[in-house]
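The values are calculated or read from the model by the stated rules, or taken from the named source; none is laboratory data. It should be emphasised that the depicted structure is a prediction, and the values quoted were computed from it without experimental measurement. Reconstructed Cβ throughout: ideal geometry from the backbone, glycine too, with neighbour counts over all protein chains shown.
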Amino acid sequence: MSRNRREENDSAAPLNVIGKPFRKVDARAKCVGQTKFADDIVLPRMLSCKILRSHLPHALIKNIDTTKALALPGVLAVITGKDLPIPYGILPVSQDEHALCIDKVRFIGDPVAAVAAVDEDVAFDAMNLIEVEYEPLPTISTIEEAVLIDEPRIHDYGDSGNVHKKVSLEFGDVEEGFSEADLIREDVFFYEGNTHLPMEQHSAVAHFDSDEKITLWSSTQTPHYVHRALAKVLGLAASHIRVIATPNGGGFGGKSDPFNHEVIVCKLAMLTGRPVKVTLTREEVFYCHRGRHPVLMKIKTGVKNDGAITGMHFQTYLDGGAYGSYGVASTFYTGALQTVTYDVPRYKFQGLRAFTNKPPCGPKRGHGTPQPRYGLEVHIDKIAEQLKLDPAAMRRQHLVAPNTTTANYLRIGSMGLGACIDKVVEGSDWKNRFSDWDRDNRKLPFGKGIGIACSSYICGAGLPIYWNNMPQSGVQLRLDRQGGVCVMCGSTDIGQGSDSILAYIVAEILGIDPFDVRVVTADTDLTPVDLGSYSSRVTLMTGNAAIQAAERARELLVIAVAEKLEVPVENVSLAERRVFDVENPERGVSFAEAVVLAESKFGTIGTVGSYSPPRSPGKFKGSGVGPSPAYSYSAAVAEIDVDPDTGIVVVERVWIAHDIGKSINPMLVMGQVEGSVYMGLGEILMEEMVYRSNRNVVHKFPSMLEYKSPTTMEMCDVKTYLIEDPDPNGPFGAKEVGQGPLLPIPPAVANAVYDAVGVRIDEVPITPEKVLKALREKEKGRVGRYGPDSVPTVDWPDPLRILTPSEGGDGREMPHVAVHS
Amino acid sequence: MKQKSHITFMLNAEQVEVAFAPHKTLLEVLREDLNLTGTKHGCELGECGTCAVLVDGRSILSCLMLGLDAEGRSVKTIEGMATGAELHPLQQTFADTGAAQCGYCSPGFLLVAEELLAKNPKPSRPEIQEALSGNLCRCTGYIKIYEAVELAAARMRGEEAELPRESVYGLE
């Protein structure tokens, strides 16, 4: 009776919770000021920590003198790199960070020393008394410099010089694809980096108790990975470390790495025997970063006259900043998902990640995919213009079929992109408003434009970050004899509603109210491991694990009640806090009585559920990035206004359709779609992490005042459509929504700018200056375009060659000898 | 030792006295000396609106006001918005309609919205946008916040109102 997927069974039974707009289980606490974020935690005798950070972008540390700081009254401890010598990092292949730099700093903001003192003022004063002697080194500030300049190396590992990683994969023979094409087009794009800007600054509190166990409360999206990193760096048994992720005041990927400040407060708590808190300043949050990689892209695509793709060669160049972070995964992600929207029969991907002396880049909402998606969708738009095809219809005509495997071995399940395109085309009145590439017979006045783009995103990664055969998500359920239900899971609520998803699913299966369920999450002592809130994995993976745990508990209740009622187990149903005979619904017991019957019969009632994604058909090196149990799809049309005198772009309205599979809670899905549109809007119009390359690689504006993000005055109207095409791998058919709907927004706006004023802005963000420059070029009779023209010359390794599934490939790379023979 | 200042003011309709270092902002006094951590901090320079509280009924940024300046004033924080156990209509609609995602900016938005509705019981959408333009939210795209304000305003006017169907389920 254990049933992992609810969708096919009980299809006749009406759903009482799933699909209904319940409020979130933690929403009221957030609206009355009761929710305890990390910085709201205050413990007796708690010390305050401040971290001294490098003011140089690249330098050797010659000496650190902490004498004056230690002598300041109220200072309890000062630590430096030699106190925490063990390196760590989120990926096993990039263990390149130290909690405090030991011999070298690699960007402005790199941590050098830390203080614990009685209050923040004393800690701050002590921090300023630490004397560091540096020997400056030449800096690497751009991708181009990193490719050209091998010495000095920022790190002593990586593929070469200052190149962290080079990837080269070829699925089928792309040259053969180009030879079959009617048109071959090449474009170069640049997507500037930007940051998460969560409203809550990172904060952490550590408490070391007299039994030598340490507890860390932290605003982290990944308590399990923090737990592992702490065990490694602190040299403590993992069983003596407890990590509790506090509710995150926004994450967006920015709280997914184990961070130096988390390690530092643990060490300071161990040294002082007192609780220690650190809360980063907003400036420090900009240096933590791990945000969107700047990506330079070159795309070459061959198409038939009807727009069918015959082959694609995609190159990406990522500016990784000073550390590895998730960067190797990010690099693969810039090449992974091009194949899951439109059919790409042959595909070649080359990706390079550079080290530069800037804050490290990592995962931000859409992790590594918004940049190539922007490039691809603008590139497709340009192809449609050359072929004189409607860009919406052309996309619609060449979609990947559901239940197929792509050239790069991604297995597609449900695929609702066609329905998404239909909705936004109809809703936006596309056919009566798009220019049809005819500038002389426009349907909208000059300056008004409309653009379309599509996208897809994973619902969790097929593989965990560190290799293992264990589930990616675990859920434990405890039923007590008073009728209480407690669901425990390592997942972390970062505002997306993951705590609520657990309650809704358990309540649905046990026939109770979601607000009857006690949810305990993100506590490594109490909850089974869930890998964390990233990769849009939580609803699908914890949802399936919760279904399994709840089904197992339900089975125990059903057996006990069936015995009591003397009816077959098939006749027992659970609804409205009762367990009853479906044929005589008045014959039954309350839910609490059912638990008593079950506990009397079986002993204490506790069940577990877990989830492991299906195995990917890809077996080649690098096939770990891209596979997912399911893919969500989105299509968007943006309607904009461009002022040709100022270059200012105003996005007036976005129509967006998202293939959610099945909404566990439509109201929360709507919120994720709207929030994604908002964040995409910020990326395309204004947000950028920029540095003064010639002035010491200093961040131009590490503050909320100067780093512009959309306010209510810039946010556009959003018309949302939810497409429900249940995916067999999703809980109740559900797919992700937290990240995917961001992806079509930047290219839809870029395409609309072209429709409005006839210039291509091939660089994100589209600022007024860039629009004006392109317009002036056009006025002078030159190409009306702003963007990069070339990519660096790179000595690429021979690609791994993999036959595509349609060529009879088995997902393994072909031996090199065969390729060269 | 530092010289602490000692002031008296009305906080959430109760008289309080508190001693603190005189350079502290009202935000710090509320969070650190009065343990009211419902008021949040986001930017440290008066840009994000997260620390908004009501002083004599007007929204101010508590990160830009010295605690000393609260002497004799009436301050309302998120902890004082409900009436006993009864949530303010805005708190109910923010919670019930998904206007609070991570919830970190919610206290600031709620108090600014309360000030708006006290002055203008039937604000238009542009008036709501204008009133909330000093508050940043990174989660919602603001739309669920507008809808929550509109719904609460309607209910406070005595109307029986619910969210439009398309706000909950999307367009047909």
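For the range A:424-433, what are the residues that are part of a helix (DSSP H, G or I), farther than 11 Å from A:Ile452 by Cα and either touching a Gly at 6+ places or on another chain (Cβ under 9 Å) or away from chain B (no Cβ under 13 Å) (or both)? Answer for the range A:424-433, where residues must be part of a helix (DSSP H, G or I), farther than 11 Å from A:Ile452 by Cα and either touching a Gly at 6+ places or on another chain (Cβ under 9 Å) or away from chain B (no Cβ under 13 Å) (or both): A:Lys431, A:Asn432. Could we say that A:Tyr707 is at the interface with chain B (Cβ under 9 Å from one of its Cβ atoms), aromatic (Phe, Trp, Tyr) and either surrounded by 24 or more Cβ atoms within 10 Å (Cβ to Cβ) or part of a loop (DSSP other than H, G, I, E, B) (or both) here? No; evaluated as a whole, the condition is false for this residue. Restricting attention to the range A:742-783, the residues being in a loop (DSSP other than H, G, I, E, B) and either surrounded by fewer than 20 Cβ atoms within 10 Å (Cβ to Cβ) or in contact with a His (Cβ under 7 Å, 6 or more places away or on another chain) (or both) number 5.
Conditions (1) within 23 Å of A:Lys304 (Cβ to Cβ); (2) away from every other protein chain (no Cβ under 14 Å), marked per residue:
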{"residue": "A:Ser168", "(1), (2)": "no, yes"}
{"residue": "A:Gly172", "(1), (2)": "yes, yes"}
{"residue": "A:Glu175", "(1), (2)": "yes, yes"}
{"residue": "A:Glu180", "(1), (2)": "yes, yes"}
{"residue": "A:Leu183", "(1), (2)": "yes, yes"}
{"residue": "A:Val188", "(1), (2)": "no, yes"}
{"residue": "A:Glu192", "(1), (2)": "no, yes"}
{"residue": "A:Leu197", "(1), (2)": "no, no"}
{"residue": "A:Ser203", "(1), (2)": "no, no"}
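Only residues that are more than 14 Å from chain B (Cβ to nearest Cβ) and crowded, with 23+ Cβ neighbours inside 10 Å were counted across the range A:494-516, and they come to 9. For the range A:710-722, the set of residues classified as more than 7 Å from every other protein chain (Cβ to nearest Cβ) and in a loop (DSSP other than H, G, I, E, B) consists of A:Pro710, A:Glu714, A:Cys716, listed by residue number.
The C-beta contact set for the range B:55-77 (first residue in the same structural domain as B:Leu45 (by TED's automatic domain parsing) and of a type in the set (Asp, Glu), second residue in a loop (DSSP other than H, G, I, E, B) and modelled with pLDDT of 95 or more, distance under 7 angstrom, 6+ apart or interchain) comprises B:Asp56/B:Arg73. For the residues A:Thr301, A:Thr272, the requirement of being over 30 Å from A:Ile41 (Cβ atoms), touching a residue at least 24 places away in the same chain (Cβ under 8 Å) and in contact with a strand residue (DSSP E or B) (Cβ under 8 Å, 6 or more places away or on another chain) singles out A:Thr301. Would you call B:Gln101 within 8 Å of chain A (Cβ to nearest Cβ) and in a helix (DSSP H, G or I)? So B:Gln101 does not fit the description; no.
If the condition is being over 21 Å from A:Arg292 (Cβ atoms) and either out of contact with any Lys or Arg (no Cβ under 8 Å at 6 or more places or on another chain) or without any contact (Cβ under 8 Å) to a residue 12 or more places away in the chain (or both), then the range A:756-767 contributes only A:Val757.
Test B:Glu166 against the stated conditions and say whether it is under 22 Å from A:Gly675 (Cβ atoms), surrounded by 13 or more Cβ atoms within 10 Å (Cβ to Cβ) and more than 16 Å from the chain's Cα centre (by Cα). For B:Glu166, the condition - under 22 Å from A:Gly675 (Cβ atoms), surrounded by 13 or more Cβ atoms within 10 Å (Cβ to Cβ) and more than 16 Å from the chain's Cα centre (by Cα) - is met. Do we find a residue being within 23 Å of A:Arg292 (Cα to Cα), of a type in the set (Ser, Thr, Tyr) and either in contact with a Pro (Cβ under 8 Å, 6 or more places away or on another chain) or crowded, with 19+ Cβ neighbours inside 10 Å (or both) anywhere in the range A:653-675? The answer is no, given that none of the residues of the range A:653-675 is within 23 Å of A:Arg292 (Cα to Cα), of a type in the set (Ser, Thr, Tyr) and either in contact with a Pro (Cβ under 8 Å, 6 or more places away or on another chain) or crowded, with 19+ Cβ neighbours inside 10 Å (or both).
Looking across the range A:684-702, just one residue is within 12 Å of another protein chain (Cβ to nearest Cβ) and charged (D, E, K, R), and that is A:Glu687. Can you name the residue in the range A:723-741 that is part of a loop (DSSP other than H, G, I, E, B) and touching a strand residue (DSSP E or B) at 6+ places or on another chain (Cβ under 7 Å) and, of all such residues, is surrounded by the fewest Cβ atoms within 10 Å (Cβ to Cβ)? Per the stated criteria, the residue is A:Asp725. Being modelled with pLDDT of 95 or more, crowded, with 23+ Cβ neighbours inside 10 Å and among the basic types (Lys, Arg) is the requirement here; does A:Lys62 meet it? In short, no.
Whether a residue is crowded, with 17+ Cβ neighbours inside 10 Å and either at pLDDT 95 or above or under 30 Å from A:Arg365 (Cα atoms) (or both) was assessed, and A:Val589 passes this test. Exactly one residue out of A:Gly543, A:Gly511, A:Gly497 is under 20 Å from A:Val673 (Cα atoms), in contact (Cβ under 8 Å) with a residue 60 or more places away in the chain and touching a Leu at 6+ places or on another chain (Cβ under 6 Å), and it is A:Gly497. When every residue of the range B:58-78 is checked against the conditions, none turns out to be surrounded by fewer than 23 Cβ atoms within 10 Å (Cβ to Cβ) and facing chain A (nearest Cβ under 10 Å). Looking at the range B:119-137, is at least one residue in a helix (DSSP H, G or I) and in contact (Cβ under 8 Å) with a residue 40 or more places away in the chain? No: zero hits. Can you find a residue that is in a loop (DSSP other than H, G, I, E, B), surrounded by fewer than 16 Cβ atoms within 10 Å (Cβ to Cβ) and touching a Leu at 6+ places or on another chain (Cβ under 9 Å) anywhere in the range A:73-83? Checked against the condition, which is being in a loop (DSSP other than H, G, I, E, B), surrounded by fewer than 16 Cβ atoms within 10 Å (Cβ to Cβ) and touching a Leu at 6+ places or on another chain (Cβ under 9 Å), the range A:73-83 yields no hits at all. Contact map, the range A:410-422: first residue at pLDDT 95 or above, second residue among the aliphatic types (A, V, I, L, M) and in a helix (DSSP H, G or I), Cβ cut-off under 8 Å, separation 6 or more or different chains; pairs are A:Leu410/A:Ala336; A:Leu410/A:Leu337; A:Ile421/A:Ala392. For the range A:609-618, the criterion of being surrounded by 22 or more Cβ atoms within 10 Å (Cβ to Cβ) and in contact with a Phe, Trp or Tyr (Cβ under 9 Å, 6 or more places away or on another chain) is satisfied by at least one residue. Within the set A:Lys267, A:Lys298, the sole residue that is crowded, with 24+ Cβ neighbours inside 10 Å and not hydroxyl-bearing (Ser, Thr, Tyr) turns out to be A:Lys267. Annotation note: of A:Ile458, A:Ile452, the sole residue that is of a type outside the set (Lys, Arg), more than 22 Å from the chain's Cα centre (by Cα) and surrounded by 20 or more Cβ atoms within 10 Å (Cβ to Cβ) is A:Ile452.
Selection over the range A:667-690 of residues that are more than 16 Å from the chain's Cα centre (by Cα) and modelled with pLDDT of 95 or more gives a count of 14. Selection of the range A:619-648 for residues being in a strand (DSSP E or B) and surrounded by fewer than 24 Cβ atoms within 10 Å (Cβ to Cβ) yields only A:Asp641.
Scanning the range B:5-30 for residues that are in contact with an Asp or Glu (Cβ under 8 Å, 6 or more places away or on another chain) and free of Cβ contacts under 8 Å to residues at least 60 places away in the same chain turns up B:His6, B:Val18, B:Ala19, B:Phe20, B:Ala21, B:Lys24, B:Leu26.
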